[in-house]
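Trainee: First, the structure itself, so that you have it in front of you.
Derivation of every value follows stated rules applied to the coordinates shown; laboratory data play no part. Keep in mind the model is a prediction, meaning the values are calculated, not measured. Reconstructed Cβ throughout: ideal geometry from the backbone, glycine too, with neighbour counts over all protein chains shown.
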Amino acid sequence: MAYVVAAWLFIQALEIATDAFDAPSWVMQLALLVVAIGILPTAVIAWIYEFTPSGVTRDEEIPPVARRQRRKTRGLDLAVVVLLLFGVALYFGLQTLPEESHSSIWQAVDDNQTPVLAVLPFVTRGADQQALSVADGLHDDLLTQLAKLDAIKVISRTSVMEYRDTTKNVRQIGEELNANLILEGGLQQAGQQLRVNAQLIDARTDQHLWAETFDRELSTANLFAIQGEIAASIARSLDTTLSIEQSAATSTNSLDAWQALTRGRMLASDRSRTSMQQRIAQFEQAIELDPGFALAHAQLALALFEYYWEFRELQFREKGLFHQQQARELDPELAELAFVDGLANYWLYLDYEASLEAFDKAIAKIPNDADLLGAQALVLRGAGRWDAALQQFEKAHQLDPRRRQWLLELTRTHRLLRNFDLAGSYAEQLQRLAPDWRDTLQQQALLQAACCGEQLMLQQLLIASEDVELDRDLLDAYLLAGQVGLLGERYQSSQAYRETRTSILSAAFVRALVAVVEGHTEQSREDIATFQSQAANLVKTAAGDFRGYLALAWGAALVGDAERAERMGEIALHTAPDEALIRARLVWELAQMYAVSGNQRLAVQFLARSLQEPGGITAEMVRIHPLMEALQNSPVYQALEARGTGRPAGLVGEAQ
């Protein structure tokens, strides 16, 4: 009995010490094993010998009265020993319990509901930046592994990152993310030693379904192994399977390269020019540290292609093609490479068939990746498959409910399809998620203009905003808002213009256009001549670029040369890419250009086409657009005046 009491006290003290000093779990396990092994010889010795005042004495040598008293306590001693052995055996048995049995725990909660898993950012102790970087990388890699599971839905990283250091409980987080499973994890680093713990929780009941602790030396191999084991354990807990093999070509032995890759991926949701440049720099650093890092080459290629798509700088296109090929040579089966191929075929070549085929291949490998689904939706929309695009945008939003981009695209796409009720509903959700985001306010303002011809919110937005690069969509917003004078004041210099896929602007063009709208055509002759020269140079240096011919058409229209404007406009239309948004934008712009040139026949023809096609103009926008005033006497325009549409339900931020 004394041994049992001493052993119990020893275990209690050791448990306190291991927690205080973050000792590895094997210390406690070894102590329990030693205690268990010591029970049998202690029991045998206690059975044969007796401790007496005169020393250790064999049982048969003690007086009869004392011997009878000792025999009465042997049964209690034996029972305690048996219970102690049973407890130790139960502890080790639970540690080795097959994880497949955990699937029944989830099924007992609900057999019919699809598991939706949210992996919260890993908690780190202290302010160690390296530990935080390791935790972010481990979290990102784990999400990539779990996204391969087809049997469950996994909430994307962007939506869960806001719950770092949150005070919200599991049930609140589950409700906000529409997730019924939550994975919590923690990471502690001491020098080169790493402890990672993870636990899977039912978000509706707070029931713990699975938990594990990993004590490893800090290395990329061990990090890949840990995230693979966690992913596989969760898969088994949900009665599905996942391979935890890590391709040597897609991983790296350089911890610094892996961390640089992680830092770059953390910037993926910010599409500003500065953020995109920083992301490119991080991926370049990862490759410099490990030239054989296939995933880094793929991510760099993707970032370079995206920069080219947004800002049309050719050197980024060529550099992206190089790194795309490097990734292919290192690992042709890399799932992320199929993602890169999908966007490259769209962004560089507008090859929809090849792009969608590549996306299908990538999604087959990683079915729960919101970025993949959202990118595929962009391609589907570009191909004019609007309904299919909306379905994929909605799937991306479900997997990434706190990311504003998918709500933005759903709002925008429904607005372009003139589904104003649905556009208003998504705009309301976007306003709740990101009320101060410029794009939120812009979508609300454009929705009011498109559905109802209201200018107030658009005017307020433009007046309040400054130092924004001007592109063709923003220029049109100034015209729709009736802010032509403000447009002329802000964009007289040549430093605030953004080249886009649909047009190239210049200060000379803006000054000339403002002068024409305000009725001062004679004062704009010099600016018009400058713009015509710029357009001619573009056609010469970039043969076949429809934007050059469109610029020449505008130059002719601004001086009233209707015949040349028509000829250049036809060439622009025939050479424009077969992309739904580009062509919709071009048809509406040609209607404006022909109206300025005085060619009412073509202006009305393209206006009617824009009113009918997806992505085009609305009757309410025509009424408030200053360049359409020249068409007021045409029958088509008069018919528009007689037509009315209702305000969409749920429209937010209505003008007062």
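Trainee: What distance in nm separates the simple spin-label points at GLU394 and GLN130, each placed 7 Å from Cα in the Cβ direction?
Mentor: Distance between label points: 4.9 nm.
Trainee: So between THR575 and GLU318, what do we pick up on full extension, going 0.36 nm a residue minus the alpha carbon distance?
Mentor: Once the chain is fully extended between THR575 and GLU318, it gains 90.2 nm.
Trainee: Then there's this: I need the phi-derived Karplus couplings for the stretch 446-454: 6.51 cos²θ - 1.76 cosθ + 1.60, θ = phi - 60°, integer Hz, Gly and Pro marked x.
Mentor: Result, rounded to whole Hz: 5, 5, 5, 5, 5, 7, 10, x, 8.
Trainee: Subtract the Cα-Cα distance of GLN325 and VAL636 from 0.36 nm times their separation in residues, and report this length gain in nm to one decimal.
Mentor: Stretched out fully, the GLN325 to VAL636 stretch lengthens by 106.7 nm.
Trainee: Mind listing the phi-derived Karplus ³J(HN,Hα) values for the stretch 574-591, rounded to whole Hz, using 6.51, -1.76 and 1.60 with θ = phi - 60°, and x for any glycine or proline?
Mentor: So the J values, rounded to whole Hz, are 7, 9, 5, x, 7, 10, 4, 5, 5, 5, 5, 4, 5, 4, 5, 5, 5, 4.
Trainee: Same structure again: Quick one: which residues, 5+ away or cross-chain, put their amide H under 5 Å from the amide H of TYR497? H built at 1.01 Å from N.
Mentor: Here LEU470 satisfy the definition.
Trainee: For the stretch 131-148, in order, what is each residue's ³J(HN,Hα) by Karplus, 6.51 cos²θ - 1.76 cosθ + 1.60 with θ = phi - 60°, in whole Hz (x at glycine and Pro)?
Mentor: Each residue's phi maps through the Karplus curve to give 4, 5, 5, 4, 4, 5, x, 4, 4, 5, 5, 4, 4, 4, 5, 5, 5, 6 Hz.
Trainee: Taking H as built 1.01 Å from N, whose amide H comes closer than 5 Å to the amide H of THR124, not counting residues under 5 places away?
Mentor: LEU187
Trainee: Something else: What is the list of residues in the stretch 300-319 whose amide nitrogen lies under 12 Å from a point 7 angstrom out from the Cα of ALA542, following Cα to Cβ?
Mentor: Residues 309-315 fall inside that zone.
Trainee: Determine, from the Cβ-Cβ distance of SER269 and GLU469 and an R0 of 25 Å, the FRET efficiency 1/(1 + (r/R0)^6), rounded to the nearest 0.05.
Mentor: Taking R0 as 25 Å, the efficiency between SER269 and GLU469 is 0.80.
Trainee: For each pair in LYS148/LYS319; LYS148/LYS361; LYS148/LYS168; LYS168/LYS395; LYS361/LYS395, compute the distance between the two Cα atoms and list the pairs where it is over 19 Å.
Mentor: LYS148/LYS319; LYS148/LYS168; LYS168/LYS395
Trainee: In addition: Near ARG216, within a Cβ-to-Cβ distance under 11 Å, what is the net charge of the other residues, with Lys and Arg +1 and Asp and Glu -1?
Mentor: With Lys, Arg at +1 and Asp, Glu at -1, the net is -2.
Trainee: Rounded to the nearest 0.05, what FRET efficiency is calculated for GLN612 and ARG171 with R0 set to 56 Å and r the Cβ-Cβ distance?
Mentor: 0.70
Trainee: If the chain between ASP387 and GLN277 were fully stretched, how many nm would it gain, using 0.36 nm times the residue separation less the Cα-Cα distance?
Mentor: 36.2 nm
Trainee: Turning to a different aspect of this structure: Compute the distance in nm between two label points, each set 7 Å from the Cα along the Cα-to-Cβ direction, one at ALA225 and one at TYR349.
Mentor: Distance between the two pseudo-spin positions: 4.2 nm.
Trainee: Check ARG385: other-chain or 5+ apart residues with amide H under 5 Å from its amide H, H built from backbone geometry?
Mentor: Counting only residues 5 or more places away or on other chains, the set is empty.
Trainee: In terms of the ratio Rg/(2.2 N^0.38 Å) built on C-alpha atoms, what value belongs to the stretch 226-379?
Mentor: Numbers: Rg = 15.6 Å, N = 154, 2.2 N^0.38 = 14.9 Å.
For the stretch 226-379, the normalised Cα radius of gyration comes out at 1.05.
Trainee: Pop a pseudo-label 7 angstrom from the Cα along the beta-carbon direction at both GLN207 and ARG567 and give the gap in nm to one decimal.
Mentor: With each label placed 7 Å out from Cα toward Cβ, I get 7.9 nm.
Trainee: I would also like to ask the following. Quick check: from the Cα gyration tensor, does the stretch 471-533 come out rounded (a/c under 1.5), prolate or oblate?
Mentor: oblate
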